[in-house]
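Asks: Take this structure first; my questions come after.
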Amino acid sequence: MTDIAILTFDGFNELDSFIASALLNRVKGGGWKAHIVTPTETVTSMNGAVVTGQKPLSFANDADVVLFGSGMKTRSLIDDADLMGQLDLDPRRQLIGSQCSGALWLHRLGLWDGPIVTDTMTRPLLEELGCPVADSPFIAQDTVAAAGGCLASHYLAAWVIARLRGWEEAEAIVHYVAPVGQKDDWVARAKATLAPFV
């Protein structure tokens, strides 16, 4: 069994949560399943799409992989003591990753040390908090990773697949979803980006 929690909160960015979910759920066999995990029964995206969570927030504490999606309310959510208190994550037994403003969760939970990557809107917020930001689409420190930019979410998903199922399976999934006529280019770029961290 491999349970994956894609943490999705009010104001979430659809690209971050749904691209990761779609790519990760292309892995078949072995009880592998990615779930949209929400703190309430439903959450509303930054563009007004209402989504019903597949699992409650507590699911993340026992999941094998936890990915923090981004959203326009992340800055206020990490100041919610009740919400933060519900999370008990452990990089010794979990792969943990963030997408864009999800890096704020990694920082607040003390899961990251050193330069991180994020989107251009979140960068100044992290720098205000004393967290340096690298100009890169992806970075990882052993079992914790961060991706920056909405369309970098395939790097985060591919990293999870490569770590747990091997690069061959990650490559096949990136190749499948990549644009026609650019598939080999996308695979080569993903491999070059992720190679230092897999």
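The values are calculated or read from the model by the stated rules, or taken from the named source; none is laboratory data. This one's a predicted model, so the numbers in the text were calculated from it and none came from an experiment. Glycine gets a Cβ as well: all are built from the backbone with ideal geometry, and neighbour counts include every protein chain shown. The area values use the complete protein model at the heavy-atom level, side chains included, leaving out ligands, DNA and RNA. Shrake-Rupley method; radii C 1.70, N 1.55, O 1.52, S 1.80 Å.
Asks: With a cut-off of at most 12 other beta carbons within 10 Å, and DSSP calling the residue loop, which trypsin sites (Lys or Arg not before Pro) in the range 51-132 qualify? Please list them.
Replies: Sites meeting the loop and neighbour criteria: Arg92, Arg93.
Asks: Let me confirm the definition first: pairs of Lys residues in the chain, 8 or more apart or on different chains, C-alpha distance under 24 Å. How many are there?
Replies: Step by step, the pairs that qualify in the chain add up to 7.
Asks: Between Val117 and residues 5 or more places away or on another chain, which pairs have amide H atoms under 5 Å apart, with H built 1.01 Å from N, and which residues are they?
Replies: Ala134
Asks: Quick one: ranking Met72, Met121, Met46 by accessible area, 1.4 Å probe, largest first, what do you get?
Replies: Listed by decreasing accessible area, they come as Met121, Met72, Met46.
Asks: Quote to one decimal, in nm, the extra length available between Lys73 and Ala22 on full extension: 0.36 nm per residue of separation minus the C-alpha distance between them.
Replies: Going from the current span to full extension adds 16.0 nm.
Asks: Still on this model: Roughly speaking, what is the centre-to-centre gap between the range 141-198 and the range 78-98 when only Cα atoms are used, to the nearest Å?
Replies: 24 Å
Asks: Let me ask another. Once a ≥ b ≥ c are taken as the square roots of the eigenvalues of the Cα gyration tensor of the range 1-108, is the result rounded (a/c under 1.5), prolate (a/b larger than b/c) or oblate (a/b not larger than b/c)?
Replies: oblate
Asks: Counting each pair of different Cα atoms once, what's the Kirkwood radius of the range 129-171 in Å, rounded to one decimal?
Replies: The Cα-based Kirkwood calculation yields 11.2 Å.
Asks: Determine the calculated [θ] at 222 nm for the chain from helices alone, applying -39500 (n - 2.57) to every DSSP H run no shorter than 4 residues and normalising by the residue count; nearest 500 deg cm²/dmol.
Replies: -9500 deg cm²/dmol
Asks: Considering only DSSP beta bridges whose two residues both sit in the chain, what percent are antiparallel, to the nearest 5?
Replies: Expressed as a percentage, antiparallel bridges in the chain total about 30.
Asks: In nm, give the distance between the simple-model label positions of Leu151 and Gln182, each being 7 Å from the Cα along the Cα-to-Cβ direction.
Replies: 0.5 nm
Asks: Moving to a separate point now. In the range 27-70, whose amide N lies under 12 Å from the spot 7 Å out along Cα-to-Cβ of Asp80? List them in ranges.
Replies: 38-44, 57
Asks: Of all the accessible heavy-atom surface of the chain, with the other protein chains kept in place and a 1.4 Å probe, what percent is carbon and sulfur?
Replies: Using a 1.4 Å probe with all protein chains present, the chain comes out at 52 percent carbon and sulfur.
Asks: Also, I was wondering about something else. Rg to Rh ratio, the range 17-65, alpha-carbon atoms and Kirkwood radius?
Replies: My calculation of the ratio gives 0.99.
Asks: For a quick check: with amide H placed at 1.01 Å from N, whose amide H comes under 5 Å from Trp32's, ignoring anything fewer than 5 positions away on the same chain?
Replies: Thr2
Asks: Among (1) 112; (2) 124; (3) 162, which is the computed volume of the Cα convex hull per residue in Å³?
Replies: Checked against the structure: label (1).
Asks: Let me ask something additional. Taking the solvent-accessible surface of protein heavy atoms with a 1.4 Å probe, what is the per residue accessible area of the chain in Å²?
Replies: Ligands and nucleic acids excluded, the figure is 45 Å² per residue.
Asks: Hey, another quick one. Amide H neighbours of Gly71 under 5 Å, at least 5 residues apart or on other chains, H built in the peptide plane: list them.
Replies: Those qualifying (amide H under 5 Å, at least 5 residues apart or on another chain) are Asn13, Ser101, Gly102.
Asks: Going 7 Å from the Cα of Met46 along its beta-carbon direction, which residues of the range 103-127 have the amide nitrogen within less than 20 Å of the resulting point?
Replies: Once the point is set 7 Å along Cα→Cβ of Met46, 103-108, 116-127 turn out to lie under 20 Å by backbone N, inside the range 103-127.
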